[in-house]
Amino acid sequence: MDAPEPTVAAVPASLAARATLVSDAARRASAYLTGLEHRPVAPPADAVAALAAFRRPLQTAPRDARDVLAELDALGSPATMAQARGRYFGFVNGGVDAAAGAASVLAGQWDQNAALPVMSPVAAVLDEVAAAWVVDLLGLPAGATATFTPGATLANLTGILAGRDALLARAGWDASAQGLFGAPPIRVITGEECHVSALKALRLAGLGVDRVERVPTDATGAVIADAFPGDTDHLTLVVLQAGNVNTGASDPFARIIPRVRERGGWVHVDGAFGMWAAVAPGLRDAVAGMELADSWGTDAHKWLNVPYDSGIAIVRERADLERAMSMRAAYLPETGDREAMHLGMQMSQRARGIETWAMLAANGRDGVADLIGRTCAHARDLAALLEAGGAEILAPVALNQVLVAFGAATGGTGDDAVTDAVIGLVQQEGALWAGGTVWKGRHAMRLSVSDQATTRDDVHVSASAILDAWTRVRG
Ligand SMILES: *Cc1c(COP(=O)(O)O)cnc(C)c1O
């Protein structure tokens with residue numbers, strides 16, 4: 001007897017049909033990548049306008065998944081920022097390492113939940129291996145525990161929560177049980193130039209933004225060690241920075257961290273991108289002493305070129321991380337294994353460690369060092385070419401960030417309106433993409449060389465395109 005006709009058009013796809021669809025997706029992704037050479041970095045206005053076709057009410061009937069994928073490719077691909085092309089210098093958005101990008105395609109089909117080893121043996125092993133490699137590669141203390149997060153904001157929050165609860169525990173207060181109301185007050189200190197997301201993390205941790213003490217910074221954006229308070233105590237939480245988002249400068253860790261820790265305080269380092277300087281022998285001095293801290297927050301999706309989203313929190317003492325993050329309950333007995341859901345904020349979670357594992361497995365220590373060293377060299381070259389063309393470089397190039405301002409005449413002082421106009425024209429023309437920022441009250445173009453794909457040729461083409469746009473802005 002025939003089965004009754006389903007009342008809707010689509011039935012659950014067989015594995016074979018799904019496999020065909022995945023091949024189609026992979027083919028489309030390949031075509032997208034090879035096409036990037038020939039398109040502007042920012043999507044053309046007509047591609048952005050065509051996105052309006054997505055804005056329609058959800059229809060009633062199912063649709064063939066092949067049609068959905070075709071629509072996604074036709075409307076979506078042209079409206080992307082060509083981030084993997086080597087000429088996207090916006091924010092600190094990294095590109096995509098080949099192995100990590102391909103691993104995410106495969107692991108996406110695995111659909112593993114990395115919360116507990118019992119849910120996915122492979123996710124558990126790769127999470128553990130990648131975490132240990134990261135600790136080792138960054139030169140952090142051997143016993144430190146790394147855990148994957150959706151980004152540096154949540155990595156910083158993880159470290160700050162571990163620190164907050166550890167300080168309170170040492171003072172005899174159980175924050176998990178008793179909460180923060182009535183707890184001994186924690187003094188919070190950070191630099192004038194700390195990242196907005198670190199302030200948000202402090203806010204989310206219940207520590208308040210207005211009560212945070214801000215230490216003055218020097219011309220590069222680094223905390224002035226002599227201005228750092230000498231009277232910190234066992235209830236002081238300090239947030240320092242590796243890699244100022246504008247200049248790449250790092251705080252003087254070796255001069256501050258030992259002083260704070262000796263007095264019983266906790267130091268967290270926000271090193272969303274800057275911490276990776278430790279991997280390149282020639283740049284290690286830029287972040288010297290960061291390993292002395294209690295906790296660290298960094299990103300894999302920025303300078304390490306792992307796909308979004310992927311951050312890493314690292315805490316010196318595993319017990320401090322677990323105190324803040326564990327959610328053990330009767331139905332989740334202690335196993336002694338490394339269990340991701342007891343080391344971070346999420347229960348169910350993407351197996352983020354897989355892509356970082358693939359990146360590190362493919363590049364090795366030398367490959368990562370080369371990526372970091374090479375992008376910094378490109379940043380210095382970019383600054384030199386722009387300066388030779390008469391533009392004003394606003395801060396020494398410490399790592400991979402370049403700050404440049406443009407004036408009404410070559411060799412003159414940058415002018416906010418001219419700089420804004422150059423940024424606008426460059427973005428519109430699409431040979432590259434760079435954003436704007438404000439540095440010490442002045443408007444600047446900020447170029448971040450964070451993509452493994454960037455070549456010397458890209459640097460030269462980009463510098464010429466910027467100088468050429470400036471010439472036309474001057475009229
Ligand atoms: C980018 C950045 C952050 C935030 O990282 P997300 O991954 O975007 O959450 C924090 N601190 C610094 C210094 C950064 O550059």
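The values are calculated or read from the model by the stated rules, or taken from the named source; none is laboratory data. Keep in mind it's a predicted model, so treat the numbers as computed, not measured. Glycine also receives a Cβ, built like all others from the backbone with ideal geometry; neighbour counts cover every protein chain displayed.
Brief remarks on what is shown
- Just so you know, in segment 272-295 the residues that are in contact with a Phe, Trp or Tyr (Cβ under 9 Å, 6 or more places away or on another chain) and free of Cβ contacts under 8 Å to residues at least 40 places away in the same chain include one that is farthest from T158 (Cα to Cα), and it is A288.
- Screening segment 166-241 for strands (runs of 3 or more DSSP E) wholly inside it with 2 or more residues that are β-branched (V, I, T) returns the ranges 187-191, 236-241.
- A434 vs. criteria over 20 Å from N244 (Cα atoms) and hydrophobic (A, V, I, L, M, F, W, C): no
- Residues (surrounded by fewer than 22 Cβ atoms within 10 Å (Cβ to Cβ) and more than 12 Å from G191 (Cβ to Cβ)) located in segment 247-281: A254, R255, P258, R259, R261, E262, R263, G264, A280, P281
- Within segment 223-244, considering residues that are crowded, with 23+ Cβ neighbours inside 10 Å and not polar (S, T, N, Q), the one nearest to T437 (Cα to Cα): G243
Yes or no, residue by residue, for (1) part of a helix (DSSP H, G or I); (2) closer than 16 Å to V92 by Cβ; (3) at pLDDT 95 or above:
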residue: A408; (1), (2), (3): no, no, no
residue: G412; (1), (2), (3): no, no, no
residue: V438; (1), (2), (3): no, no, yes
residue: L467; (1), (2), (3): yes, no, yes
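- Of the numbered criteria (1) in contact with a Leu (Cβ under 6 Å, 6 or more places away or on another chain); (2) closer than 25 Å to A272 by Cβ, the one A369 fails is (1).
- Conditions (1) in a helix (DSSP H, G or I); (2) closer than 30 Å to A434 by Cβ: number failed by D24: (2)
- Within this structure, P57 fails the test of being in the same structural domain as G271 (by TED's automatic domain parsing) and of a type outside the set (F, W, Y).
- Filtering segment 190-207 to residues that are of a type in the set (A, V, I, L, M), closer than 18 Å to V223 by Cα and surrounded by fewer than 22 Cβ atoms within 10 Å (Cβ to Cβ) leaves V196, L199.
- Residues within segment 283-304 that are more than 9 Å from the chain's Cα centre (by Cα), within 16 Å of the ligand (Cβ to nearest atom) and not in a helix (DSSP H, G or I), tallied: 4
- Members of segment 251-282 that are in a helix (DSSP H, G or I), within 16 Å of the ligand (Cβ to nearest atom) and not aromatic (F, W, Y): G274, M275, A277, A278
- Verdict on E334 being in contact with a Lys or Arg (Cβ under 7 Å, 6 or more places away or on another chain) and more than 30 Å from D226 (Cβ to Cβ): yes
- Tally of residues being touching a helix residue (DSSP H, G or I) at 6+ places or on another chain (Cβ under 6 Å), among the hydrophobic types (A, V, I, L, M, F, W, C) and buried (at least 19 other Cβ atoms within 10 Å of the Cβ) across segment 117-142: 5
- The set of residues in segment 15-26 being without any contact (Cβ under 8 Å) to a residue 24 or more places away in the chain and either closer than 24 Å to R87 by Cα or hydroxyl-bearing (S, T, Y) (or both) consists of T20, S23.
- Test: V245 is over 24 Å from L321 (Cβ atoms), in contact (Cβ under 8 Å) with a residue 12 or more places away in the chain, of a type outside the set (F, W, Y) and within 16 Å of the ligand (Cβ to nearest atom): yes
- The one condition from (1) in contact (Cβ under 8 Å) with a residue 60 or more places away in the chain; (2) in the same structural domain as E339 (by TED's automatic domain parsing); (3) not basic (K, R) that A132 does not meet is (1).
- Condition broken by A42, with the remaining ones in (1) over 29 Å from A431 (Cα atoms); (2) at pLDDT 95 or above satisfied: (1)
- Checking segment 81-104 against the condition returns no match, with no residue being surrounded by 14 or more Cβ atoms within 10 Å (Cβ to Cβ) and over 22 Å from the mean Cα position of the chain (by Cα).
- Neighbours by Cβ (under 7 Å, 6+ apart or cross-chain): first from segment 206-233, assigned by TED's automatic domain parsing to the domain that holds L161; second assigned to a loop (DSSP other than H, G, I, E, B) and basic (K, R): T232/R263; D233/R263
- Hits in segment 176-205 (condition: free of Cβ contacts under 8 Å to residues at least 40 places away in the same chain and either over 19 Å from Q241 (Cβ atoms) or in contact with a Leu (Cβ under 6 Å, 6 or more places away or on another chain) (or both)): A177, Q178, G179, L180, F181, G182, A183
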